1. Looking at the chain, do any whole DSSP H helices span at least 15 angstrom along their long axis by alpha carbon and average -0.5 or above on Kyte-Doolittle, and which?
2. Dipole magnitude of the range 55-160 about its Cα centre, charges +1 at Lys/Arg Cβ and -1 at Asp/Glu Cβ only, in debye to the nearest 20?
3. Tell me what the chain gives for mean residue ellipticity at 222 nm when only DSSP H runs of n ≥ 4 count, each as -39,500 (n - 2.57), the sum divided by the residue total, rounded to 500 deg cm²/dmol.
4. Just want the ordering: 311, 108, from fewest to most Cβ atoms lying within 10 Å of their own Cβ.
5. Quick check on the exposure proxy: order 152, 297, 261, 34 from fewest to most C-beta atoms within 10 angstrom.
6. Considering the options 117, 21, 3, tell which one lies farthest towards the positive end of the dipole of the range 1-127, charges being +1 on Lys and Arg and -1 on Asp and Glu at the Cβ, about the Cα centre.
7. Using Cα-Cα distances under 8 Å and only pairs 6 or more residues apart, what relative contact order does the chain have, in percent?
8. Any chance you could tell me what percent of the C-alpha pair distances in the range 2-173 go past 19 Å?
Amino acid sequence: MNLLGTTGVKVSRVALGTMSFGGDADEATAARIWRAARDAGVNLFDTADVYNEGRSEEMLGRLMREDRDQIVVASKAYFPTGNGANDRGASRYHLVRAVEASLRRLATDRIDLYYLHRFDDATGLDETLRGLEDLVRAGKILYPACSNFAAWQVAHALGLQRLHGWAPLVAIQPMYNLVKRQAEVEILPMAQANEVSVFPYSPAGGGLLSGKYAEGAKGRIADNKMYASRYSEPWMHEVAEKFAAFCRNYGWHPMSVAVAWVAAHPGVTAPIIGARSLQQLQASLDSLKIEMTPALWAEIAALSRTPPPATDRLEEQKKA
C-alpha cells in the first residue's frame with residue numbers, strides 16, 4: 001500500500017479506472033472486473049461524471065455498496081454533462097451541482113478524492129478552489145485533486161490554498177507512459193517536492209504498448225479519433241514495436257511491463273489501470289509481480305525518447 005499525499009490514507013499500488021463501465025463493459029463484465037480487482041487488493045477506484053454519460057458512476061455505485069467504507073472513490077468534473085451554458089467548467093456554480101449529481105449516481109454521502117478534470121481557462125483559479133473548499137467543509141468531498149494540469153498550475157493552486165488556509169490538492173492525475181514522458185520534466189518533480197500523490201492514467205498508451213496493434217488487433221487507437229491523434233507520431237509506434245520485442249525476450253506480457261514501468265517511478269503513487277475484460281485486467285494486475293529494478297527501468301526507458309529538460313541550459317545536464 002502507498003500513502004495518499006500526507007493524508008495518512010492508504011491506497012493500493014494500482015488503481016482501477018472504470019471508464020469502461022457502462023460502455024465497453026456491461027453490468028456483468030463490470031462486476032467481474034470489480035471482483036477481480038478487489039480480490040487483488042485494489043481499494044482505489046476512479047471514475048468521472050462524463051464517463052458513458054454517468055453510467056460509470058451509477059454502475060460503480062451499485063458495485064461498491066457493500067464495500068463502501070473499505071475503498072477510496074475518486075471522481076471528476078469539468079467537461080460538459082448537458083447542453084446548458086453552465087453544464088461544464090470549474091466554476092463554483094457548476095462544481096456544486098456536479099458533485100451533487102455524482103453523489104446521487106454513486107449512491108454515497110461523500111466522494112473521497114475529487115478531481116478537477118481539466119484546468120478551466122475561463123474561470124479564476126481562486127473561484128474554483130473556493131468552490132472545492134466549500135465542498136470539503138460541507139463534507140461532500142474529502143480531498144481535492146486535479147487532472148491534466150501543468151506543473152505551474154498545480155503549484156499556483158497550492159500557493160493559493162496555503163494563503164487562504166484551504167484544503168490543499170492532495171493528488172494529481174497526469175498522462176504518463178513510455179511514449180508520453182513529459183511528466184518527468186516538471187510534473188513529477190513538483191509533486192515529489194510538495195508531497196502530492198500522482199496517479200498516472202494511460203500507462204499502456206491507450207493500448208499502444210500492449211502489443212496488440214503489432215498483431216493487427218483493433219482497439220481505441222484504431223477506432224477512436226482522440227487516441228489516434230494522441231499516438232499518431234510514427235516514432236511512438238516504433239518504440240512500441242521495440243518494447244514488444246523486449247518483453248518477448250523476457251517472457252513478459254507488454255501490458256504488465258508497461259504498468260510496472262510507470263509504477264516504478266519514485267514520483268508515482270499508483271498507475272490507473274483500465275480494462276474491458278478480465279483478460280485485460282489480469283495483464284495489468286500482473287504488473288505487481290514484476291520486480292522493476294532501477295537498471296531494468298533505465299533499460300526500458302532507453303527504448304524511448306527522453307524529454308528535454310525544463311530549461312535550455314543543456315550544458316548543465318549530466319552526461320550519460
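Just so you know, all these numbers are worked out from the coordinates, no wet-lab data involved. For clarity, every value in this text was computed on a predicted model and none was experimentally measured. Note: ideal-geometry Cβ built from the backbone for every residue, glycine included; neighbour counts use all protein chains shown.
1. Sorted by number, the helices that extend far enough and score high enough are 92-106, 125-137, 151-164, 234-250.
2. 220
3. After summing the helix terms and dividing by the residues of the chain, the value is -11500 deg cm²/dmol.
4. Ranking 311, 108 by Cβ neighbours within 10 Å, fewest first, gives 311, 108.
5. Working: 152 11, 297 17, 261 27, 34 23.
By the 10 Å Cβ count, ascending: 152, 297, 34, 261.
6. 3
7. Averaging sequence separation for qualifying contacts and normalising by length gives 18 percent for the chain.
8. Numbers: 7931 of 14706 pairs.
Of all Cα-Cα distances in the range 2-173, 54 percent exceed 19 Å.
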